[in-house]
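The structure appears right after this line, and notes come after that.
The values are calculated or read from the model by the stated rules, or taken from the named source; none is laboratory data. If you're wondering where the values come from, they're calculated on a predicted model, not measured in any experiment. Positions of Cβ are backbone-derived with ideal geometry, glycine not excepted, and every protein chain shown enters the neighbour counts. We work out accessible area using only protein heavy atoms, side chains counted, and drop any ligands, DNA or RNA first. Shrake-Rupley method; radii C 1.70, N 1.55, O 1.52, S 1.80 Å.
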Amino acid sequence: MVDLEKIKQEFLAKLHALNKEADILNLKSEYVGKTGVVSELLKSLKDMNPEERKAFGPKANELKDYIQDQASIQLSKIEVEEINKKLAEDRIDTTLTDNIQVKTLKSGGFHPRTLIQQEIEDIFLSMGFDVLDGPHIEDEFHNFEALNIPADHPARDMQDTFWFHDPHKPEDKDSSGKKRLLRTHTSNIQARAMLTRKPPFRFIAPGVVFRSERTDASHEMVFTQLEGMMVGKDISVANLIYFMRTILKEIFKKDVEVRLRPGFFPFVEPGFELDIRCLICSGTGCSVCKQIGWVELLPCGMVHPNVLRAGGIDPDEYNGFAFGLGLDRLVMMRYGIDDIRHLQSGDLRFNSQFKLF
Ligand code: PHE
């Protein structure tokens, strides 16, 4: 007589050693599949005599059911184990802020120049100025000639220019006969705006400018200016000074000490340099103010008649003022940054620490 109990124990021992679904299904079919051990026993019932069959049949059937049940129990057990394991691995502790499970989100910040530029734009917009833009790649007419700086004028040497063509080779001119360059100042937008606007008008134009210069704590090859121009009837130096003072007061939220010196720019007459007391060293001298205690911030003046003429405006009828605010220097003064090169560094640790006052 076959020992059913032995078969059962053997099956259980093998089953409990398995933890993969496929293995359990294989084992199950080894016993109760078509040609499985228990199935073969059941097939052999027909060859037994009636007493044997009566004694053995129900037990063999019972074993078959038992094996099927045990296999199912083991299958659901490993399924539950797998789910629990996954849950434990995927668990997120929302109270933790900085570990491998929860990546901390770094909050971004505006570049300090963007902050100041937006603030200045708002102030000028509230005073009736438009905000204009202009090309970085410029021709020599809009960057120089229209601004009363003809070819070979020594004033061209005031601004070291990045030329796209060699200015000394006549064959290097572009199709319209003008040489191309990277604009050396935002004053090119003065030249362009006058040709498309009828006075009276007033605008500002912030933007990046380029000069082939050696860099140091207060000089960069790529820096930012904010041009301003107001053209109308009977505009005076007093109007110019009023707007300059207003803007500086708004930006620094206090009266800053300023001084006005004569300054030469071919496109203004008279021309001025407006300096502010260095806010990095409070005037005692540092690398930003080159030990002078004052920082050149705002070159400005009354628009030269030749410039108005080049812009199609009659200088006998209209006049105006223009200024070219050094935006980077202003940013440095306001936030106490002691080296202009930080502004262009692209270092996020630098960029993300600034807020509006
Ligand atoms: N464009 C001049 C510069 O870059 C600045 C300036 C602008 C001076 C407007 C006077 C008037 O040096």
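Please compare each pair in Lys6/Lys28; Lys28/Lys77; Lys43/Lys77; Lys64/Lys86; Lys14/Lys46 to a cut-off of 24 Å on the Cα-Cα distance and tell me which ones are over it.
Where the Cα-Cα span goes over 24 Å, the pairs concerned are Lys43/Lys77; Lys64/Lys86; Lys14/Lys46.
For segment 4-89, just list the percent of Cα-Cα distances falling in each 10 Å bin from zero outward, please.
17, 43, 24, 12, 4, 1
Distances over 21 Å make up what percent of all Cα-Cα pairs in segment 148-302?
Summing the P(r) tail past 21 Å for segment 148-302 gives 56 percent.
May I ask you to compute the full-extension gain from Leu195 to Val37, defined as 0.36 nm times their residue separation minus their alpha-carbon distance, rounded to one decimal in nm?
Length difference between fully extended and current span is 46.8 nm.
What FRET efficiency do you get for His16 and Ser44 if R0 is 25 Å and r is their Cβ-Cβ distance, rounded to the nearest 0.05?
Computed FRET efficiency for His16 and Ser44: 0.35.
Which percent of the accessible area of the chain is formed by carbon and sulfur heavy atoms (probe 1.4 angstrom)?
C and S fraction of accessible area: 52 percent.
Could you provide, to the nearest whole Å², the per residue accessible area of the chain with probe 1.4 Å?
For the chain, the solvent-accessible area averages 56 Å² per residue.
Can you put Thr161, Thr215, Thr196, Thr186 in order of accessible area, largest first, using a 1.4 Å probe?
The residues order as Thr196, Thr215, Thr161, Thr186, largest area first.
Per DSSP H run of at least 4 residues, take -39500 (n - 2.57); add these up for the chain, divide by its residues and hand me the 222 nm value, nearest 500 deg cm²/dmol.
It lands at -12000 deg cm²/dmol.
Among 243-253, 118-128, what's the highest-first ranking by average C-beta atoms within 10 angstrom per residue?
Most protected by this proxy first, the peptides run 243-253, 118-128.
I need the Kirkwood Rh of the chain: take the reciprocal of the average 1/r across all distinct C-alpha pairs and report it in angstrom.
Computed over the chain, the radius equals 27.1 Å.
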